[in-house]
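These notes are about the structure you will find just below.
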Amino acid sequence: MTAARLSDALHTTGTPLRIGLAGLGTVGIGVVKIVQRHADLIAARAGRPVVITAVSARDKTKNRDADLSAYAWETDAVALAARDDVDVVVEVMGGHDGPARALTEAAIAAGKDIVTANKALLAHHGHALALAAEAAGCVIRFEAAVAGGIPVIKVLTEGLAGNRITRVMGVMNGTCNYILTRMQSAGLPYETVFEEARQLGYLEADPNLDVGGIDAGHKLSLLSAIAFGTQVAFDHVELEGIGNVSIEDINLADDMGYHIKLLGVAQMSGRGLEQRMTPCLVPADSPLGQLQGGTNMVVLEGDSVGQIVMRGPGAGEGPTASAVMGDVIDLARGLRLSTFGRPAASLVAAVPAKSATPAPYYLRMTLLDKPGALAKIATALGDAGISIDQMRQINQPNTQDEKAIVLIVTHKAAPADISHALQSFAMTGVLVGAPVAIRIEEV
């Protein structure tokens with residue numbers, strides 16, 4: 001926007017909302033590009049101009065493929081909070097402690113609103129930050145922290161505000177979904193596709209944040225807090241990554257009409273809040289089963305609306321920056337909501353509950369190929385109160401090993417009963433190696 005056009009916009013639409021932008025990586029530069037490219041459109045929709053006045057990053061000399069010359073530069077991101085020409089601090093640095101936390105706390109102390117893409121920060125410190133922000137009269141918005149370009153926070157806090165949410169479910173890490181769908185489509189083992197994802201730059205600097213389910217667990221804990229009116233409880237999310245998912249299980253599941261996904265599920269039961277982020281089988285013809293590549297999908301279930309399915313890009317410059325700017329424009333419009341959809345002081349500390357909801361299970365095991373072996377497994381399942389829906393034995397041709405792979409799909413069974421059966425399998429004397437048990441989620 002030229003100086004003359006900015007002057008006209010100020011005259012017609014009022015005082016601009018001024019951004020202090022911390023972090024000039026992929027997302028930060030995406031924010032810069034949107035502000036520069038769509039200045040008139042944003043002013044028209046927000047009712048006032050939105051401008052960047054100051055930025056911060058570690059290296060000022062780095063080529064970032066964007067014109068930053070008009071912005072003041074702060075080497076120390078925390079200094080953005082003290083600037084008189086900053087109304088809103090946009091934090092896209094990442095990390096749950098260190099500069100990101102210090103900047104957020106400084107912005108709250110200065111009474112300035114915060115827009116962040118930092119799911120780790122909020123998963124670890126969200127409740128304390130929300131209490132402090134509301135006491136200071138400022139707002140924390142974090143649409144970009146969960147599912148990238150999918151506006152799931154807005155849907156939960158606004159569109160579905162009249163519903164009692166019964167379940168939140170979804171694929172919330174695009175890297176894991178890429179790995180699993182690539183394994184399936186190309187018939188490649190996990191280790192090969194993991195290295196491919198690393199070469200493509202899909203993995204975090206610490207890959208376990210992705211493949212260990214931690215990143216997706218952060219997101220699930222934030223959605224749970226909004227959906228169920230609880231304090232963020234990331235420490236109580238049951239986490240299991242995808243590192244043990246074999247190409248054998250992917251192929252066998254596919255043959256039975258299922259696909260394997262790293263699936264987050266949160267629901268409030270009579271025992272407490274269940275939160276799990278684990279590999280699950282889902283029907284291949286379901287929306288979740290058909291989800292390919294790095295795409296995310298979030299499923300919300302409410303008592304009045306039924307089921308809502310949202311699908312879109314979960315990361316990247318454009319989608320994440322789009323979510324950041326959606327929050328910024330809401331602030332420019334004067335929309336001010338509590339961080340987690342209701343006053344932070346009213347959020348209860350949920351009683352954590354291990355998942356007890358019954359579900360079918362996929363079981364794969366290798367047995368000694370001798371009379372009575374399968375009968376012992378069936379007996380162990382029966383003793384645990386588990387009935388069999390499907391069973392298949394796969395003999396391995398052209399091998400000298402007297403072993404057979406057995407696949408079993410159970411009827412609905414409680415997780416505790418499955419655990420009991422697995423322990424009993426080890427005592428039968430017919431098991432070769434450890435069995436595999438994967439929950440089948442009904443979607």
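The values are calculated or read from the model by the stated rules, or taken from the named source; none is laboratory data. These numbers were taken from a predicted model, which means no experiment stands behind them. Because the Cβ atoms are built from the backbone with ideal geometry, glycine has one as well, and the counts that use them run over all protein chains shown. With ligands, DNA and RNA removed, areas are computed over all heavy atoms of the protein, side chains included. Shrake-Rupley method; radii C 1.70, N 1.55, O 1.52, S 1.80 Å.
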> So what's the net charge close to residue 248: Lys and Arg +1, Asp and Glu -1, counting the other residues with Cβ under 12 Å from its Cβ?
Replying inline: -2
>> If the elastic network links every pair of Cα atoms under 10 Å, which of 241, 149, 385 fluctuates the most in the Gaussian network model of the chain?
In response: 385
>> Which of rounded, prolate or oblate describes the range 123-255 when judged by the alpha-carbon gyration tensor and an a/c cut-off of 1.5?
In response: prolate
>> Just to check I understand the Karplus step: with θ = phi - 60° and J = 6.51 cos²θ - 1.76 cosθ + 1.60, what whole-Hz values come out for the range 340-357, glycine and proline as x?
In response: 10, x, 8, x, 4, 5, 8, 6, 8, 7, 5, 6, x, 9, 5, 4, 10, 5
> Restricting the count to DSSP beta bridges whose residues both fall in the range 221-343, what percent are antiparallel, rounded to a multiple of 5?
Replying inline: 90 percent
>> Rounded to the nearest percent, how much of the accessible area of the chain (1.4 Å probe, protein heavy atoms only) is carbon and sulfur?
In response: 50 percent
> Taking the highest mean first, how do the peptides 214-223, 422-431, 31-40 order by number of other beta carbon atoms within 10 angstrom per residue?
Replying inline: 214-223, 31-40, 422-431
>> If you average the C-alpha positions of the range 148-195 and of the range 411-443 separately, how far apart do those two centres end up, in angstrom?
In response: 26 Å
>> Using Cα-Cα distances under 8 Å and only pairs 6 or more residues apart, what relative contact order does the chain have, in percent?
In response: 16 percent
> Excluding ligands, DNA and RNA, what is the solvent-accessible area per residue of the range 80-164 at a probe of 1.4 Å, expressed in Å²?
Replying inline: 33 Å²
>> What distance in nm lies between label points placed 7 Å from Cα along the C-beta direction at residue 346 and residue 246?
In response: 5.1 nm
>> Using amide H atoms built in the peptide plane, which far-off residues or other-chain residues are under 5 Å from residue 386 H to H?
In response: none
>> Suppose we keep just the DSSP beta bridges with both residues in the chain; what percent of those would be antiparallel, to 5?
In response: 65 percent
> Between 157, 379, 61, which gets the highest mean-square fluctuation from a Gaussian network model of the chain, Cα cutoff 10 Å?
Replying inline: 61
>> Classify the chain from the C-alpha gyration tensor, please: rounded if a/c falls under 1.5, else prolate or oblate depending on whether a/b exceeds b/c.
In response: prolate
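Grab the DSSP H runs of the chain that are 4 residues or longer, score each as -39,500 (n - 2.57), total them, divide by all residues and round the 222 nm result to the nearest 500 deg cm²/dmol.
Taking each H run of at least 4 residues, the total per residue is -10500 deg cm²/dmol.
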> Listed highest first by mean packing, meaning other Cβ atoms within 10 Å per residue, what order do 125-138, 344-357 come in?
Replying inline: 125-138, 344-357
> How many lysine pairs in the chain, separated by 8 or more positions in sequence or lying on different chains, have Cα atoms less than 24 Å apart?
Replying inline: 19
